[in-house]
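Colleague: Right, I'll just put the structure down here and ask away after.
The values are calculated or read from the model by the stated rules, or taken from the named source; none is laboratory data. Note that this is a predicted model, so its numbers are computed, not measured. In this analysis, Cβ positions are derived from the backbone assuming ideal geometry, glycine residues included, and neighbour counts consider all displayed protein chains.
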Amino acid sequence: MKYILMFFLVPYLLLAQTKKDTIRVFYLGGQSNMQGYGYVKELPDSLNKKNKNVFIYQGNPVGDNDATGGLGKWDVLQPGNGTGFASDGKNNTLSDRFGVELSFAKKLQELYPNQKLAIIKYARNGSSIDSSGTAYFGAWEPDFRGGKGINQYDYFLKTVNNAMAVQDINGDGIEDVLIPSGIIWMQGESDADKTELVANQYYANLKRLMELMRATFRNNDLPIVIGKISDSGNDVDGKVWGFGELVQYGQEKFAATEPNVAIVRSTSDYKYSDKYHYKSDGYIDLGKEFAKAVFLLNKKKSQ
């Protein structure tokens, strides 16, 4: 009798061992308006809570040449992944700020109602792509050689590689297969505040960086959505970013000429909490717009 029972049990045991969860994963990167300066206390009730069905891996954001850069661990998505967030790789320390991740995830859940979702995030306040004069904030330039030769691009690699190496991100005992589904990039303000030469090189710098990021996810046609930088005008000459128009031109060129790329322009309508950062409702709207744009790129790609 026991042999007959085992005969029927074996297929079910094998099925349990081989079952895997497929999870769409999106990368969020850039500088402070991606890191997030929204106030958790200003969130609507629909976002001011744990989203138990979405997990996030956020790399520790620091300046160049810091061994702690990019450390992180998977955790359930909740408010507190904005500026002030930190991680030592074992514990995540949430802050009183948020970025686009909350509304981004909520909108994606509406657009992908039957799919599991996850987010990988690494963004650093004040960082530029170009490494000239980066000082405290850091640079994403892949060939960076300053100091110990470790920069934001290296932290990106550490964040992504460590996140993708985890086989069970939600701890439910089932192996997770992470499917890269998009790069979301909000950055450029710091490159617009250096020199005219740096601003003019933004398109080329962005193109190379995005190519390498796509290669990291092993998909040279991975959808990319960038946010167009804007200017609060809160300066004596009416411009915070001296060469903002040149960077905006580079962003538009990138979106117009590169395959499977979209640009979100709603940033021009956002109000500012200070001369550099959007108000809380701006981050909420931007997350929704990013979600809609990357969804459409993926839909178009699948047709």
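Colleague: Do you know which of the residues in segment 251-273 that are part of a helix (DSSP H, G or I) and of a type in the set (Asp, Glu) is surrounded by the most Cβ atoms within 10 Å (Cβ to Cβ)?
Modeller: Looking at the filtered set, the residue picked out is Glu252.
Colleague: Here are the criteria: (1) modelled with pLDDT of 95 or more; (2) in a loop (DSSP other than H, G, I, E, B). Tell me which single one Gln248 does not satisfy.
Modeller: Gln248 satisfies all of (1) modelled with pLDDT of 95 or more; (2) in a loop (DSSP other than H, G, I, E, B) except (2).
Colleague: Kindly indicate whether any position in segment 231-238 is surrounded by 15 or more Cβ atoms within 10 Å (Cβ to Cβ), in contact with a helix residue (DSSP H, G or I) (Cβ under 6 Å, 6 or more places away or on another chain) and hydroxyl-bearing (Ser, Thr, Tyr).
Modeller: First, the residues of segment 231-238 that are surrounded by 15 or more Cβ atoms within 10 Å (Cβ to Cβ): 231-232.
Next cut, in contact with a helix residue (DSSP H, G or I) (Cβ under 6 Å, 6 or more places away or on another chain) only: 231.
Next, only the ones that are hydroxyl-bearing (Ser, Thr, Tyr) stay: none.
Within segment 231-238 (the criterion being surrounded by 15 or more Cβ atoms within 10 Å (Cβ to Cβ), in contact with a helix residue (DSSP H, G or I) (Cβ under 6 Å, 6 or more places away or on another chain) and hydroxyl-bearing (Ser, Thr, Tyr)), the answer is no, since none of the residues qualifies.
Colleague: Follow-up question, since we're still on this one. Identify, please: which residue in segment 58-82 is surrounded by fewer than 19 Cβ atoms within 10 Å (Cβ to Cβ) and of a type in the set (S, T, N, Q) and is, among those, nearest to Lys292 (Cα to Cα)?
Modeller: By that ranking, first place goes to Thr68.
Colleague: Something else now. Among the residues that make up segment 140-159, is at least one of them touching a strand residue (DSSP E or B) at 6+ places or on another chain (Cβ under 9 Å), of a type outside the set (S, T, N, Q), over 20 Å from Gly72 (Cβ atoms) and surrounded by fewer than 19 Cβ atoms within 10 Å (Cβ to Cβ)? Reasoning before the result, please.
Modeller: Going through segment 140-159, the residues touching a strand residue (DSSP E or B) at 6+ places or on another chain (Cβ under 9 Å) turn out to be 140-141, 146, 151-153, 155-156, 158-159.
Keeping just the survivors that are of a type outside the set (S, T, N, Q) gives 140-141, 146, 153, 155-156, 158.
Cutting the leftovers down to over 20 Å from Gly72 (Cβ atoms) gives us 141, 146.
Still in the list and also surrounded by fewer than 19 Cβ atoms within 10 Å (Cβ to Cβ): 146.
Looking for residues that are touching a strand residue (DSSP E or B) at 6+ places or on another chain (Cβ under 9 Å), of a type outside the set (S, T, N, Q), over 20 Å from Gly72 (Cβ atoms) and surrounded by fewer than 19 Cβ atoms within 10 Å (Cβ to Cβ), one finds at least one in segment 140-159, hence yes.
Colleague: Right, next: Are there any pairs with C-beta distances below 7 angstrom linking a residue in segment 124-153 that is among the basic types (Lys, Arg) and modelled with pLDDT of 95 or more to a residue that is assigned to a loop (DSSP other than H, G, I, E, B) and buried (at least 24 other Cβ atoms within 10 Å of the Cβ), with the two at least 6 apart or on different chains, and if so which?
Modeller: Arg124/Gln31; Arg124/Pro61; Arg124/Gly138
Colleague: Scan Gly182, Gly149, Gly171 and give me the residue that is under 20 Å from Glu211 (Cβ atoms) and either under 15 Å from the mean Cα position of the chain (by Cα) or not in a strand (DSSP E or B) (or both). Full working, then the answer.
Modeller: On the way: Gly149 fails: under 20 Å from Glu211 (Cβ atoms); Gly171 fails: under 20 Å from Glu211 (Cβ atoms).
Of the residues listed, the single one that is under 20 Å from Glu211 (Cβ atoms) and either under 15 Å from the mean Cα position of the chain (by Cα) or not in a strand (DSSP E or B) (or both) is Gly182.
Colleague: Exactly one condition in (1) modelled with pLDDT of 95 or more; (2) over 17 Å from His277 (Cβ atoms) is not met by Leu9; state its number.
Modeller: (1)
Colleague: Among the residues in segment 199-212, are any crowded, with 17+ Cβ neighbours inside 10 Å, under 28 Å from Gln109 (Cα atoms) and touching a residue at least 24 places away in the same chain (Cβ under 8 Å)?
Modeller: Within segment 199-212 (the criterion being crowded, with 17+ Cβ neighbours inside 10 Å, under 28 Å from Gln109 (Cα atoms) and touching a residue at least 24 places away in the same chain (Cβ under 8 Å)), the answer is yes, since at least one residue qualifies.
Colleague: Another question, then. Out of curiosity, is Val54 aliphatic (A, V, I, L, M) and either in contact with a strand residue (DSSP E or B) (Cβ under 8 Å, 6 or more places away or on another chain) or at positive phi (or both)?
Modeller: Details: aliphatic (A, V, I, L, M): yes; either in contact with a strand residue (DSSP E or B) (Cβ under 8 Å, 6 or more places away or on another chain) or at positive phi (or both): yes.
In short, yes.
Colleague: Starting from residues that are of a type in the set (Ser, Thr, Tyr) and surrounded by fewer than 21 Cβ atoms within 10 Å (Cβ to Cβ), keep the ones in segment 83-130 and report whichever is farthest from Asp143 (Cα to Cα). Explain how you work it out, then say what you get.
Modeller: Keep residues of segment 83-130 that are of a type in the set (Ser, Thr, Tyr), which gives 83, 87, 93, 95, 103, 112, 122, 127-128.
Within this subset, residues satisfying the condition of being surrounded by fewer than 21 Cβ atoms within 10 Å (Cβ to Cβ) are 83, 93, 95, 112.
Details: Thr83: 27, Thr93: 31, Ser95: 32, Tyr112: 37 Å.
Result: Tyr112.
Colleague: With Gly238, Gly250, Gly227, Gly282 as the choices, which residue is within 14 Å of Met186 (Cβ to Cβ) and out of contact with any strand residue (DSSP E or B) (no Cβ under 7 Å at 6 or more places or on another chain)? I'd like the intermediate steps shown before the answer.
Modeller: Numbers: Gly238 fails: within 14 Å of Met186 (Cβ to Cβ); Gly250 fails: within 14 Å of Met186 (Cβ to Cβ); Gly227 fails: out of contact with any strand residue (DSSP E or B) (no Cβ under 7 Å at 6 or more places or on another chain).
Exactly one residue qualifies, and that residue is Gly282.
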